[in-house]
1. If you take the charge dipole of the stretch B:82-241 about its Cα centre, with +1 on Lys and Arg Cβ and -1 on Asp and Glu Cβ, which of B:T134, B:Q84, B:T179 is farthest toward its positive end?
2. Per residue of B:381-393, what is the mean number of Cβ atoms on other protein chains within 10 angstrom of that residue's Cβ?
3. Working with all protein chains in place, sort A:M103, A:M72 by solvent-accessible area computed with a 1.4 Å probe, largest first.
4. Please report the net charge: other residues with Cβ closer than 14 Å to the Cβ of B:N316, K and R +1, D and E -1.
5. When the Cα centres of the stretch A:88-122 and the stretch B:189-258 are compared, how far apart do they sit, in Å?
6. Quote the FRET efficiency, to the nearest 0.05, computed for B:E21 versus B:E128 with a Förster distance R0 of 35 Å and r equal to the Cβ-Cβ distance.
7. For chain A, what does the accessible surface come to per residue with a 1.4 Å probe? Please give it in Å².
8. For chain A, rounded, prolate or oblate, judged on the Cα gyration tensor with a ≥ b ≥ c (square roots of eigenvalues), a/c < 1.5 rounded, else prolate if a/b > b/c?
Amino acid sequence: MSLLEIKDLHAGFEGTDIVKGVSLTVNAGEVHAIMGPNGSGKSTLAKVLAGHPSYVVSKGSITYNGNDLLEMDAEERALAGVFLGFQYPVEIPGVNNAEFLRMAYNAKLVKQGEEEVDPLDFDGILDEKMKLVGMDRKYKDRFLNEGFSGGEKKKNEILQMAVLGPKLSVLDETDSGLDIDALKVVAQGVNKLNNKDNALILITHYQRLLNYIEPDFVHVFSGGTIIKSGGKELAHELEAQGYDWVTAPAK
Amino acid sequence: MSESAVKKTESPETAVLALHEKFLGGDQAKASLRPVNQAGIERFELLKFPHKKHEMYTFVNTHQLAGTAFELAADSPVDTAWVQSKIYPACKNSVLVFVNGAFQENLSDLSGLGDSFKIRCLAEAVAEDEIKQTLLDSLEDENDVFAAINSAFVHHGVWIDIPAKATFGSPLQLLYVSTGSASAPVTSHPRLIMRLGEMAELKMIVAYAGTRENYFINAVNDFIVKDGAGVTFTQVQKDDAESWHCSKTRVQLHRDARFFGRNASSGNRLTRHHYEVRLKEDGAELHLSGASVLVNQEQVHNFIRIHHEAPHCSSNQLFKNVINDKGRSSFDGTVIVDKGAQLTNSDQLINNLMLSDEAHADNKPNLMIFADDVKCTHGTTVGQIDEDQLFYLKTRGLSQELAKSLLTTSFVDSLIQTIPFPDVVADLDEILLKKLEAKHA
Ligand SMILES: Nc1ncnc2c1ncn2[C@@H]1O[C@H](COP(=O)(O)OP(=O)(O)OP(=O)(O)O)[C@@H](O)[C@H]1O
Ligand SMILES: [Mg+2]
């Protein structure tokens, strides 16, 4: 059984589909890259996967781990192991970063029928995860994403991923905002989290990230759907020639 | 409150005049303060209780408050342990306790403040012409009727004079305890006048608490802050839910003087904070902020007038309210920048988080600018919980309820956390945030 199976998905806002007929199968252990021009609907797809209530699914299905994902709300999906690394993580002033991470961690433990961890024990867990993504400890006591630079926000997303240990991670443009050194550290962290039981969908504009996290499949996304799929060599072609050579025939 | 407490036959003003006569004839009034009491009641007669369209009370209905026939709160014993529990640990050797407005020497402790801290009864201090004149002058153009009533009945006030260059190791706490009443509603009129000499620094926390319901605390605070001096004035208002609270804070800032005023209100029948600040000389700096969490029919109102009278001064205001049920809040703030006050920096920001359809918030930030080279901004937001923030938290596995309560809590907490006293932050987390949790549970 596949971990994720999207079939002919149409979704968007009331009356307007942004995602138009996406089909995609992701198995455990795989890394998929989705590349495509601005405004093509990549983030919309990601948010539909995570269960954003503003989007309407007009057609198609998503099966996750054998269950109907569209029947689950955002929190249930998260607890079932779906993770979205946001393209634009929101700032939440007043919410302490470390405390928030502990709440999320505990929500998962409770779901698994385990005891919650106290702040002291969690501190140790967090230290280790912060090291993994190369994040300074001072970000523990900051308000969630408030005043973080673009790169710091992205690191914080990966930190959350590391803390939660999801089965299916969708990382939406996690590379933008990171300088090359930070990108290497983050990519190394993501690679350490990868194993045969989980899967990764990387949404990106640039092939740069794919030098550090090697995809098994590359999909070209345009006009709300996947117009071409291939191996990692497709990313190099896209980088060298731009999207026009693949998008043009589709028009 | 019982209907019998409201004497329908009299006008509210007549009831106050009658109470005033009784007060002057009784043993609470101090002879030395009689000129102030007299000037206060005359001012009251002139101003009268606000009618509906009164420009100072556009958003605040004081009808019920004015129509309540109060007795003056008498001296009343309080449980020492209860009082102790209201004293912040950091202030245990720097606390002044007042019960129904009267200073309690035996419950207070000033040992941590040293010799430079001087406090006197207003009744005694008023013998000095300067102090008497300060009090009378403040009445000349008093435009707030409740502040005039305070002067009409003042008998317990204190005068604190901080000498030049004085600084203190611990913050000063003023604890105002109201004992309320089992029968007729009672009122007290605390008065504080504080002068900070040049370069003096004082951090103070003013906490208000009630041992029971049915009271009206009507406080007036005056600050004269001399060159280079700085004050933080944090009002923690945790009065009984069945009480009324008015406070007027008047501040004069001289050259390079700083004033940090904060209020946090736990909500009651009616709370109104009135700030009147004059930045009189170059380089003065003002910060005002307030936070409240309102449920049921609770009300908190802030009325602010800031006068920029000199160049190179700055003022900023940040107010946040979380309003549930039929709670109400208002913000009516005007910054007046005089002709000569070039290079003024000023901003006002009011954020309200509305948790119910019946919650109500009025906001009127206002600028009156007569200088041409200034930087002034103002803004207001009134909104529900942000859907994207809620979604973000839920994608991390937090339940709808937990995510909502976290967002509501954080909305006020982002302001509370900036208070530089850990004891106060913990206390407010306890009162304000618990209130939200209770509502969400
Ligand atoms: N509220 C809305 N109603 C209708 N269309 C919207 C709304 N919000 C966004 N869109 C449109 O949906 C389209 C897809 O946006 P989306 O963010 O999914 O693209 P993307 O591929 O992630 O782009 P980028 O590469 O810039 O991140 C855009 O054309 C955008 O204008
Ligand atoms: Mg996008």
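The values are calculated or read from the model by the stated rules, or taken from the named source; none is laboratory data. Quick caveat: nothing in here was measured; it's all calculated off a predicted structure. All Cβ positions, even for glycine, are placed from backbone atoms using ideal geometry, and neighbour counts span all protein chains on display. Each accessible area value is taken on the protein alone, full model and side chains, heavy atoms only, with ligands, DNA and RNA left out. Shrake-Rupley method; radii C 1.70, N 1.55, O 1.52, S 1.80 Å.
1. B:Q84
2. On the way: counts 0, 0, 0, 0, 0, 2, 3, 8, 6, 4, 11, 12, 11.
Mean inter-chain Cβ contacts per residue within 10 Å come to 4.
3. Working: A:M103 55, A:M72 30 Å².
Greatest to least solvent exposure: A:M103, A:M72.
4. Numbers: positive: B:R258, B:R262, B:K320, B:K375; negative: B:E285, B:D347.
Charge balance in the 14 Å sphere: +2.
5. Between the Cα centres of the stretch A:88-122 and the stretch B:189-258 lies a distance of 39 Å.
6. Values: r = 28 Å, r/R0 = 0.81.
Calculated transfer efficiency: 0.80.
7. Values: 11040 Å² over 251 residues.
On a per-residue basis, 44 Å².
8. prolate
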